[in-house]
Amino acid sequence: QVQLVESGGGLVQAGGSLRLSCAASGRTFKAIGWFRQGPSKEREFVAGINWNDARTYYADGVKGRFTISENNARNTVYLQLNTLEPTDTAVYYCAARPFITTTTPIDYNYWGQGTQVTVSA
(Lines give C-alpha, C1' and ligand atoms only; values in the text may rest on other atoms or scores of the structure.)
Protein backbone atom coordinates (compact mmCIF):
# COMPACT_ATOMS: atom_id res chain seq x y z
CA GLN A 1 0.00 0.00 0.00
CA VAL A 2 1.27 3.46 -0.89
CA GLN A 3 0.81 6.52 1.28
CA LEU A 4 1.66 10.02 0.09
CA VAL A 5 1.82 13.11 2.28
CA GLU A 6 2.46 16.56 0.83
CA SER A 7 3.81 19.54 2.71
CA GLY A 8 5.42 22.91 2.06
CA GLY A 9 2.59 24.93 0.62
CA GLY A 10 1.83 28.47 1.70
CA LEU A 11 1.30 32.08 0.73
CA VAL A 12 4.04 33.80 -1.25
CA GLN A 13 4.37 36.95 -3.30
CA ALA A 14 4.81 36.85 -7.04
CA GLY A 15 8.43 36.12 -7.91
CA GLY A 16 8.94 34.15 -4.72
CA SER A 17 9.77 30.48 -4.14
CA LEU A 18 8.46 27.47 -2.28
CA ARG A 19 9.58 23.88 -1.95
CA LEU A 20 6.94 21.21 -1.77
CA SER A 21 7.65 17.76 -0.37
CA CYS A 22 5.92 14.47 -0.99
CA ALA A 23 6.75 11.79 1.57
CA ALA A 24 6.06 8.39 0.07
CA SER A 25 5.77 5.02 1.77
CA GLY A 26 5.25 1.67 0.11
CA ARG A 27 7.34 0.60 -2.84
CA THR A 28 4.81 -0.66 -5.34
CA PHE A 29 5.17 2.35 -7.61
CA LYS A 30 7.63 3.48 -10.24
CA ALA A 31 6.75 7.12 -10.77
CA ILE A 32 5.67 10.15 -8.79
CA GLY A 33 3.82 13.00 -10.42
CA TRP A 34 2.91 16.45 -9.20
CA PHE A 35 -0.44 17.84 -10.29
CA ARG A 36 -2.31 20.99 -9.42
CA GLN A 37 -5.90 22.14 -9.45
CA GLY A 38 -6.73 25.82 -9.42
CA PRO A 39 -10.11 27.37 -8.65
CA SER A 40 -12.70 26.21 -11.16
CA LYS A 41 -10.01 24.41 -13.17
CA GLU A 42 -9.35 20.81 -14.00
CA ARG A 43 -6.47 18.97 -12.41
CA GLU A 44 -3.35 19.35 -14.54
CA PHE A 45 0.07 17.75 -14.72
CA VAL A 46 2.97 19.84 -13.43
CA ALA A 47 6.01 17.55 -13.21
CA GLY A 48 6.94 13.89 -12.83
CA ILE A 49 9.90 11.68 -12.05
CA ASN A 50 10.61 8.00 -12.63
CA TRP A 51 11.98 6.19 -9.59
CA ASN A 52 14.22 3.82 -11.59
CA ASP A 53 16.07 6.18 -13.92
CA ALA A 54 15.32 9.59 -12.35
CA ARG A 55 14.06 10.89 -15.69
CA THR A 56 12.01 14.02 -15.21
CA TYR A 57 9.09 15.51 -17.07
CA TYR A 58 7.58 19.00 -16.96
CA ALA A 59 4.53 20.81 -18.24
CA ASP A 60 5.45 23.53 -20.70
CA GLY A 61 4.22 26.31 -18.43
CA VAL A 62 6.61 25.44 -15.60
CA LYS A 63 9.78 24.49 -17.47
CA GLY A 64 12.67 26.54 -16.22
CA ARG A 65 10.80 27.60 -13.09
CA PHE A 66 9.96 24.34 -11.32
CA THR A 67 12.31 21.46 -10.53
CA ILE A 68 11.35 17.97 -9.42
CA SER A 69 13.84 15.80 -7.54
CA GLU A 70 14.05 12.87 -5.17
CA ASN A 71 16.16 12.26 -2.09
CA ASN A 72 18.81 9.54 -1.89
CA ALA A 73 16.59 7.28 0.17
CA ARG A 74 13.94 7.53 -2.57
CA ASN A 75 11.20 8.13 -0.06
CA THR A 76 10.64 11.83 -0.68
CA VAL A 77 10.04 13.77 -3.86
CA TYR A 78 10.48 17.52 -3.93
CA LEU A 79 9.03 20.17 -6.18
CA GLN A 80 10.98 23.41 -6.10
CA LEU A 81 8.81 26.29 -7.26
CA ASN A 82 10.69 29.41 -8.35
CA THR A 83 9.58 32.67 -9.93
CA LEU A 84 6.03 31.98 -8.86
CA GLU A 85 3.16 33.73 -10.61
CA PRO A 86 -0.42 34.33 -9.44
CA THR A 87 -1.54 31.81 -12.07
CA ASP A 88 0.39 29.13 -10.15
CA THR A 89 -2.14 29.42 -7.32
CA ALA A 90 -3.65 25.98 -6.81
CA VAL A 91 -3.82 22.94 -4.60
CA TYR A 92 -0.80 20.83 -5.44
CA TYR A 93 -1.04 17.05 -5.25
CA CYS A 94 1.52 14.31 -5.56
CA ALA A 95 0.48 11.00 -7.02
CA ALA A 96 2.07 7.61 -7.62
CA ARG A 97 1.65 4.92 -10.24
CA PRO A 98 3.28 1.49 -10.83
CA PHE A 99 4.61 2.46 -14.24
CA ILE A 100 6.63 5.33 -15.69
CA THR A 101 5.41 8.89 -15.58
CA THR A 102 2.43 10.00 -17.59
CA THR A 103 0.68 13.36 -17.66
CA THR A 104 -2.86 12.02 -17.21
CA PRO A 105 -4.31 12.12 -13.69
CA ILE A 106 -6.46 9.04 -14.21
CA ASP A 107 -3.30 6.96 -14.75
CA TYR A 108 -2.27 7.44 -11.13
CA ASN A 109 -3.46 5.02 -8.49
CA TYR A 110 -2.50 6.83 -5.30
CA TRP A 111 -2.92 10.47 -4.28
CA GLY A 112 -1.94 12.65 -1.39
CA GLN A 113 -4.30 15.06 0.33
CA GLY A 114 -2.86 18.14 -1.38
CA THR A 115 -1.14 21.30 -0.21
CA GLN A 116 -2.33 24.83 -1.00
CA VAL A 117 -0.05 27.24 -2.83
CA THR A 118 -1.25 30.83 -3.05
CA VAL A 119 0.70 33.45 -4.98
CA SER A 120 -0.25 37.07 -4.45
CA ALA A 121 0.32 39.76 -7.06
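Values as computed for the structure displayed
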quantity: Filtered residues of the stretch 106-119 (kept if open to solvent by 40 Å² or more (accessible area, probe 1.4 Å) and in contact with a strand residue (DSSP E or B) (Cβ under 8 Å, 6 or more places away or on another chain)); calculated: D107, N109, Y110, W111, Q113, Q116, T118
quantity: Counted residues, the stretch 69-85 - those being out of contact with any Asp or Glu (no Cβ under 9 Å at 6 or more places or on another chain) and under 14 Å from A96 (Cα atoms); calculated: 3
quantity: The lone exception for R36 - which of (1) modelled with pLDDT of 95 or more; (2) not in a strand (DSSP E or B); (3) not acidic (D, E) it fails; calculated: (2)
quantity: Filter pass, G61 being part of a helix (DSSP H, G or I) and small (G, A, S); calculated: yes
quantity: Which numbered condition G10 misses (of (1) over 17 Å from Y110 (Cβ atoms); (2) open to solvent by 60 Å² or more (accessible area, probe 1.4 Å)); calculated: (2)
quantity: Odd one out for S21 among (1) open to solvent by 50 Å² or more (accessible area, probe 1.4 Å); (2) modelled with pLDDT of 95 or more; (3) hydroxyl-bearing (S, T, Y); calculated: (1)
quantity: Hits in the stretch 48-94 - residues which are exposed (fewer than 15 other Cβ atoms within 10 Å of the Cβ), hydroxyl-bearing (S, T, Y) and within 28 Å of A121 (Cβ to Cβ); calculated: T83, T87
quantity: Unique residue being closer than 30 Å to S120 by Cβ and aromatic (F, W, Y) when the list is F35, F99; calculated: F35
quantity: Residue, farthest from G114 (Cα to Cα), within the stretch 1-29, restricted to residues that are in a loop (DSSP other than H, G, I, E, B) and under 15 Å from the mean Cα position of the chain (by Cα); calculated: S17
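Residue-by-condition table, conditions (1) assigned to a strand (DSSP E or B); (2) at pLDDT below 95:
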{"residue": "E42", "(1), (2)": "no, no"}
{"residue": "G48", "(1), (2)": "yes, no"}
{"residue": "R74", "(1), (2)": "no, yes"}
{"residue": "Q80", "(1), (2)": "yes, no"}
{"residue": "L84", "(1), (2)": "no, no"}
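The values are calculated or read from the model by the stated rules, or taken from the named source; none is laboratory data. Predicted model, so just to flag it, every value in this text is computed and none were measured. As a convention, Cβ positions derive from the backbone with ideal geometry for all residues, glycine included, and neighbour counts pool all protein chains shown. Just the protein is used for accessible areas: all its heavy atoms, side chains included, with ligands, DNA and RNA removed. Shrake-Rupley method; radii C 1.70, N 1.55, O 1.52, S 1.80 Å.
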